[in-house]
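Inspection log for the structure reproduced underneath, given as structure tokens.
Readers should treat all values here as calculations from the given coordinates under stated rules, not as data from a laboratory. What you see is a predicted model, and the numbers here were worked out from it, not measured in a lab. FYI the Cβ positions are ideal-geometry reconstructions off the backbone, even for glycines, and counts take in every protein chain you see.
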Amino acid sequence: MMKIVILGGVAAGAKAAAKASRLMPDAEINLYTDDTHVSYSACGMPYYIEGNFDDYKMLLVRSPEEFEQQGVHVHLKCRAAKIMPYCKQVLIEDLDNKKAFLVDYDKLIIATGARPFIPPIKNVNLPNVFTLRKIEDAIAIKEKALKSKHATIIGGGYIGMEMLEALVKQNVKVTLLEFSSTIMSLFDECMSKLILEQLNSINDGNFEILTSELATEFSGDTNGVNGVRTGSGKSFDTDMVVICAGVVPNVDIAREAGIELSETGAIRVNEKMETNIEDIYACGDCVDENLLISDTRIWLPLGSNANKEGRCAAMNACGVEDKFPGVLGSAVTRCLRFTMSMTGLSEKKAVQLGFDPVSVTVTKNDKVGYMPDVNNITLKLVADRKTRRLIGGQAVGAGDADKRINTLATALLAKLTVDDFINNDLTYAPPYSPTIDPLLNAAQSLQAKLNSETNA
């Protein structure tokens, strides 16, 4: 009987377990996780905190009992301590009874995920200083938010933006501190500045965003944090802190086993999610991906990627060949009715990777102007100057920004040039788009810019 062992059980690990059980119902499949839950929507936790739904169990996709019915044995609060490839065993620590035991495998799938990055802030371990990674974190943050008047968020990336919305909607005043000069720094600076301007334009005094600002010290006592001090000398009172300063891949156990890491610091895998060690696969937030636009490595810890990778790892572990070629870098989030989305390369990233980028930025209505729910979106479109190939785009605004980025992502996957894309037959009706979609407007402007350079 084939023995498949899976380490980790949120998105990638749970997906791998479910897929493996369908492909090989007679296999012995064991999933070990140090978590208290398995198979849940980590991406949904800010929306639970926000109050969109009251029962955290709605985040759960599949219970251990449901997995058991599929032939998958889930072991909660069991941490993988050591992988021994030479004898195909894993040392597991039971966190409840403090005992350790060995498990054998024929195929091993590593889905150990990522952990929050904790900046070097004095007194960072005070009570009511939170990170958001597990369901217990979400429950604790929500409970504290309902009793708080002020919260501090450390970090202005995707999770920081989502937490800003969540806490403001729970009637908590928020101060957000971002070390960089802009929030959402994965975007080009002009778009990041626009995001900040747009958020400030709808600010009714419930939040403050401070860029180029570093939290250096928390004050408080055994009852919890009660103050924040910054590098510039600012200090203010707070009832709680949520650290959203990014994540780092959980790769220690893999590194110690001789599994190769890439320059990103995550586990290096090929298209089949195979590591450099035979019969060991990896997937999810602990691995990096191939960035399709440039054929370079990127670490992009997203739930969408994790699910695709978990499926791919399981298929190959079960002898069914499958490939996950890579990612475009597509992502989206929302903050206070304001959407931020991107795919492919930003202009600054394109320069770093050796492209010669040319770009345009346009602001248009997302639908016909007489529609009652019309809103602006700003689109930035990036192409390579020499080949005229589309290589990236960003969209921000209160309108339907994400669907334009989804359309562009397909164009990037197909390696379309600006000239190819101009003739795209996009849908039109007044509730959905102007007669010429904003994305086509941007492409036309980009084509005109390229042509003018050619004819100059």
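Summary value for the stretch 339-455: 30 percent relative contact order, contacts being C-alpha pairs under 8 angstrom separated by 6+ residues.
Would you please state which residues of the stretch 412-444 a label at residue 368 would reach in this model, taking the label point 7 Å out along Cα→Cβ and a backbone N cut-off of under 12 Å? What the label zone holds, given the 12 Å backbone N cut-off, is 428-436. Pairs of Cα atoms nearer than 8 Å and 6+ residues apart set the relative contact order; for the stretch 118-245 it is 37 percent. Computed extension length for residue 248-residue 26: 76.3 nm, one decimal, from 0.36 nm per residue of separation with the Cα-Cα distance subtracted.
Counting only aspartates and glutamates at least 8 places from residue 107 when in the same chain, those with an alpha carbon closer than 13 Å to its own are 28, 274, 278, 279.
Of all lysines in the structure, the ones whose alpha carbon falls short of 21 Å from that of residue 386, not counting any fewer than 8 places away in one chain, are 348, 349, 415, 449. For residue 224, the shell of other residues with beta-carbons less than 10 Å away shows a net charge of -1, using +1 for Lys and Arg and -1 for Asp and Glu. Taking Lys and Arg as +1 and Asp and Glu as -1, the other residues whose beta-carbon sits under 13 Å from that of residue 291 total -2. Take every Cα pair under 8 Å whose residues are at least 6 apart in sequence, average their separation, divide by the length of the chain, and the relative contact order is 13 percent. Summing +1 for each Lys or Arg and -1 for each Asp or Glu among the other residues whose beta-carbon sits under 15 angstrom from that of residue 448 gives +1. Only helical runs count toward this figure. For the chain, summing -39,500 (n - 2.57) over DSSP H runs of n ≥ 4 and dividing by all residues gives -7500 deg cm²/dmol at 222 nm.
Between residue 296 and residue 204, residue separation times 0.36 nm minus the direct Cα-Cα distance comes to 28.8 nm. Distance from the C-alpha centroid of the stretch 206-235 to that of the stretch 281-329: 38 Å, rounded to the whole angstrom. [x] 4, 19, 26, 26, 18, 6, 1, 0; [y] 4, 15, 16, 16, 17, 15, 8, 4, 3, 1, 0, 0; [z] 5, 22, 32, 26, 13, 3, 0: which one is P(r) over Cα pairs in 10 Å bins from 0, in percent as calculated from this entry? The listed entry that was calculated here is [x]. Across the stretch 339-455, Cα-Cα pairs more than 26 Å apart make up 15 percent of the total.
Note on the stretch 32-47 and the stretch 239-266: Cα centroid distance 17 Å, given to the nearest whole angstrom. Inter-label distance, residue 428 to residue 123: 6.1 nm, where each label sits 7 Å from its Cα along the C-beta direction. Placing a pseudo-label 7 Å from each Cα along the Cα-to-Cβ vector at residue 115 and residue 260 gives an inter-label distance of 2.6 nm.
Each peptide in 280-287, 107-114, 191-198 was scored by the mean count of other Cβ atoms within 10 Å over its residues; highest first, the order is 280-287, 107-114, 191-198. Rounded to whole Å, give me the distance from the Cα center of the stretch 336-411 to that of the stretch 1-24. Between the Cα centres of the stretch 336-411 and the stretch 1-24 lies a distance of 37 Å. Each residue, residue 452 and residue 385, gets one label point 7 Å from its Cα in the Cβ direction; the gap between the two is 1.5 nm.
For the cross-link pairs 15/82; 15/134; 82/144; 193/367; 57/367, which exceed 28 Å when the distance is taken from alpha carbon to alpha carbon?
82/144; 57/367
The DSSP beta bridges internal to the stretch 118-245 are antiparallel in roughly 35% of cases. Taking 22 Å as the straight-line reach from the Cα of residue 234, the lysines in range (excluding those fewer than 8 positions away in the same chain) are 122, 149, 173. Under 13 Å from a label point set 7 Å out along the Cα-to-Cβ vector of residue 169, no amide N atom of the stretch 186-213 is found. Note on the chain: dipole from Cβ charges, positive end direction compared against 370, 83, 328; the farthest Cα belongs to 370.
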